[in-house]
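Here's the structure, in structure tokens; my notes come after.
The values are calculated or read from the model by the stated rules, or taken from the named source; none is laboratory data. Just so you know, these numbers come straight off a predicted model, no measurement behind them. All Cβ positions, even for glycine, are placed from backbone atoms using ideal geometry, and neighbour counts span all protein chains on display.
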Amino acid sequence: MLAQYVYPSLLGLFRIIRHGRRWRALRECEEVGRFECEQGALAALREAYPHARLPARLERWRFLPQMALVHARATDEDEVHWPMQA
């Protein structure tokens, strides 16, 4: 999961997602635009959806940090060794 700010509204779920070095502004699955900083993304969302009453400060949004991907792989301890019978 990528780092993102999330804010639920009556108009839908608004997200500001870190995408590489840029930030994407979204309402539900609709992308509003890509921006150099998260403040620019917030300003664009507030301008595009004034009736959503989005907070002007990102501190009032919920921040979800980027999570590391967990890779499932077999290790030597996971292997079962069956004894050979003669």
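Filter region 6-28 for residues that are within 12 Å of Arg53 (Cα to Cα) and surrounded by fewer than 13 Cβ atoms within 10 Å (Cβ to Cβ) and give the result. Correct list: Pro8, Leu10. Scanning region 8-47 for residues that are under 16 Å from Glu59 (Cβ atoms), touching a strand residue (DSSP E or B) at 6+ places or on another chain (Cβ under 8 Å) and in a helix (DSSP H, G or I) returns Glu38, Ala41, Leu42, Leu45. With respect to Glu31, is the statement that it is surrounded by 15 or more Cβ atoms within 10 Å (Cβ to Cβ), at pLDDT 95 or above and out of contact with any Pro (no Cβ under 7 Å at 6 or more places or on another chain) true? For Glu31, the condition - surrounded by 15 or more Cβ atoms within 10 Å (Cβ to Cβ), at pLDDT 95 or above and out of contact with any Pro (no Cβ under 7 Å at 6 or more places or on another chain) - is not met.
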